[in-house]
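The values are calculated or read from the model by the stated rules, or taken from the named source; none is laboratory data. These figures come from a predicted structure and were not determined experimentally. Here the Cβ positions follow ideal geometry from the backbone for every residue, glycine too, while neighbour counts run over all protein chains shown. Surface accessibility is based on the protein's heavy atoms, side chains included, excluding ligands, DNA and RNA. Shrake-Rupley method; radii C 1.70, N 1.55, O 1.52, S 1.80 Å.
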Amino acid sequence: MAIRYRRPGAKAALLPVLLTGALALAACSSGGSSTAPQSGTAAKTLVIDTSFDLKTADPGRTYEPTGLLVGKAIYETLLTFEGSDVTKPVPALAESYELSADGKVMTLKLRQGATFADGSPVTADDVVFSLNRVRDMKGTPSFLLDGVEVAKTDETTVTLTSETSNPALPYILPNPALGVLNSKVAKEHGATADTGDKAEQYLNSTSAGSGPYTIESFNVSSQVVLKANAEYWGAAKPVYDKVVIRNVEAATQKLNISRGDSQVALNLSGDQVAGIAGGLQVKKTASANVIFLLNNQNPSVSKVTSNPKFVEAVRKGVDYQGLLELAGEGSVQAPGVIPTMILGALPADQAAQRDVEGAKAALKESGISDPKVTLEYPSELTVSGLSFQPLAERIQANLKEVGITVDLAPAPVTTALDNYRNGKEEMGLWYWGPDFPDPSSYLNFLPGKLVGLRSGWEAGSDKELEASGDKAATAIGDDARKEIYTSLQTRLNEVGPFVPLIQPGQNIVTAASVTGLEFHPVWTVDVADLK
């Protein structure tokens, strides 16, 4: 049967209901965070420190974490998520949606009364133009709508038709890269919705969205300043007159938040937040990044790691609790490749446990005497402030205890990525973050798929698992999808070349005056939720 969602109350506000709380302005210093009176009252400014991964403010081209954070504040999407819950998409610019029984056709009824920052109404034509632009410009986020045709049915209805069953589409549409543009304004400044589109420069200086904030200034290397959209149509009005997002390394983020120069710090490691004091608030949660080991299944790359009993020995030989101690506050063990906050994740009690004797027995069954393997990983890459080097060293020591010699081979990211992507690593230590918060993103770990091929796992290697993957890709309904994805991961843990290790913590520090913050795996923080 078709899946329908209508938000209670057709005139309900777009953004999640914000938690009430005291509002105070912490002292701000450098970085353009000073305030001036407006109409007899002091302007409210929020300063957010983060480590920039930012290329553009054009929603059709952005896919970097900082770009998505900015995009979430200035553009609105057809669907969104409430707070940190990514298991249930809810209406936004659309007031309701329906997915056909075969998962191919999604019908969205648009909310009436939504307006862009210039006061013009958000129309079905704007929606169609914006989504087609993302798909047809062939920028970084274009894959989100591969094979999806977007059409206006009437003035208040838009349909998205996929070539094949696409149950992930409701989870894709909240991505800020799919924010709806004022098409008239965008076209006046070079938007053509194809590879010749020239609107990026304009969109880097002036937002053309309907969100609670607009762009005041934008610099990809130093800071982005947002100002409240005075004409915002939604019920939850912007709390801050300005939001200053600054590019600051983690050590300085800690210093700034501690002395009151900023009110939010997004990139502190578990070790850095351990000593936080002075009335500051620390939000500790697991990130959506899963760090894992791969064992290459191509015998021409390694006769050792392609032995299934060797993989079993590795899985049983790792000290997962020891890795969590290294990762610090907020980290959790990854029970499978799907992170804990996404539909279809395995429960914590199914996570692998260390079994040194079991690892030794498996190694003996492998028939390999005194195995020696090379573990490759990116030397300078960090995930949520966590470096791969101490993890690799701990894994090396763990496996030595069961009779496996591991030679560490750190390399610059570009070199390591080349070997990883070309399936040349004997053993690799990497991480995977979701392209969108849907379990279908993790079908990449199956034989013949993207990450499977990187581990030398060719199509046809496990027909039972591959058949399960085909069923999972087209399954409709939360209950059915949860069942098939948990079953698929259980088998992947049993026979696959991957060893899920940990989800590093995402630690966000805020001033005592800031409330309403929830970590989100797609846009990190919804600025509009902060009070």
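Starting from the Cα of K198, step 7 Å along the direction of its Cβ; do the same at T414; then give the gap between the two resulting points in nm.
3.1 nm
Using only the Cα atoms of the stretch 37-108, construct the convex hull and provide its projected area averaged over every direction, in square nanometres to one decimal.
8.0 nm²
Got a number for the accessible area of H189? Probe 1.4 Å, square angstrom, nearest 10.
80 Å²
Given all pairs of different Cα atoms, what value in angstroms does the Kirkwood hydrodynamic radius of the chain take?
Evaluated over the chain, this radius sits at 24.4 Å.
Per residue, how many Å² of accessible area does the chain show with a 1.4 Å probe?
39 Å²
Which links in K72/K152; K309/K424; K187/K531; K44/K283 stretch past 31 Å when you go from one Cα to the other?
Among K72/K152; K309/K424; K187/K531; K44/K283, the Cα-Cα distance tops 31 Å for K187/K531.
Given the rule -39500 (n - 2.57) for each run of at least 4 DSSP H residues, summed and divided by the residues of the chain, what is its mean residue ellipticity at 222 nm, to the nearest 500 deg cm²/dmol?
-7500 deg cm²/dmol
Given the convex hull over the Cα atoms of the stretch 423-531, what projected area results after averaging over all orientations, in nm²?
9.0 nm²
Take the Cα pairs of the stretch 346-436, get the Kirkwood Rh, then feed it into Stokes-Einstein at 37 °C and 0.692 mPa s and tell me D in µm²/s.
220 µm²/s
Quick one: pull the percent of accessible area on the chain belonging to carbon and sulfur, 1.4 Å probe, ligands and nucleic acids left out.
50 percent
Round to the nearest 0.05 the FRET efficiency obtained for D271 and E163 when R0 = 41 Å and r is the Cβ-Cβ distance.
After rounding, the FRET efficiency stands at 0.30.
Length gain on complete extension for the stretch D102 to L450, per 0.36 nm per residue less the alpha carbon to alpha carbon distance?
Fully extending the segment from D102 to L450 adds 122.7 nm.
Starting from the Kirkwood radius over alpha-carbon pairs of the stretch 159-305, derive D by Stokes-Einstein at 20 °C in a medium of 1.002 mPa s and give it in µm² s⁻¹.
106 µm²/s
Which semi-axes, in whole Å and largest first, does the equivalent ellipsoid of the stretch 287-365 have when worked out from the alpha carbon gyration tensor as the square roots of 5 times its eigenvalues?
Gyration-tensor ellipsoid for the stretch 287-365: 25, 16, 12 Å.
Can you list the aspartates and glutamates whose alpha carbon sits under 17 Å from that of K109, skipping same-chain ones fewer than 8 residues off?
Here the aspartates and glutamates satisfying the reach criterion relative to K109 are E76, E95, E98, D125, D126, E149, D154, E155.
Test of understanding: extend the Cα→C-beta vector of A480 to 7 Å, then name every residue of the stretch 147-170 with backbone N under 18 Å from that spot.
162-170
Kirkwood Rh over Cα pairs of the stretch 359-408 into Stokes-Einstein at 25 °C, 0.890 mPa s: D in µm²/s?
Calculated translational D: 204 µm²/s.
Give me the one-decimal nm value for the distance between modelled label points at L255 and D146, 7 Å along each residue's Cα-to-Cβ direction.
Computed distance between label sites L255 and D146 equals 4.5 nm.
Would you please give the residues with an amide H less than 5 Å from that of A411, counting only those at least 5 places away or on a separate chain, with H modeled from the backbone geometry?
So A411 has HN proximity to Y377, S379.
Taking a ≥ b ≥ c as the square roots of the eigenvalues of the Cα gyration tensor of the stretch 117-156, is the shape rounded (a/c under 1.5), prolate (a/b larger than b/c) or oblate?
oblate
May I ask you to derive the FRET efficiency for K138 and S221 from their Cβ-Cβ distance with R0 = 22 Å, giving the value to the nearest 0.05?
It comes to 0.30.
How high is the FRET efficiency between T206 and K303 when r is their beta carbon distance and R₀ equals 51 Å, given to the nearest 0.05?
For R0 = 51 Å, the calculated efficiency reads 0.30.
Let's see if you can work this out: charge +1 on each Lys and Arg Cβ, -1 on each Asp and Glu Cβ, no other charges. What is the dipole magnitude of the chain about its Cα centre, in debye to the nearest 20?
The dipole magnitude comes to about 580 debye.
Can you run phi through the Karplus equation (6.51, -1.76, 1.60; θ = phi - 60°) for the stretch 154-167 and list ³J(HN,Hα) in whole Hz, with x for Gly and Pro?
Working through the residues one at a time gives 8, 5, 10, 9, 10, 10, 10, 10, 9, 5, 10, 3, 9, x Hz.
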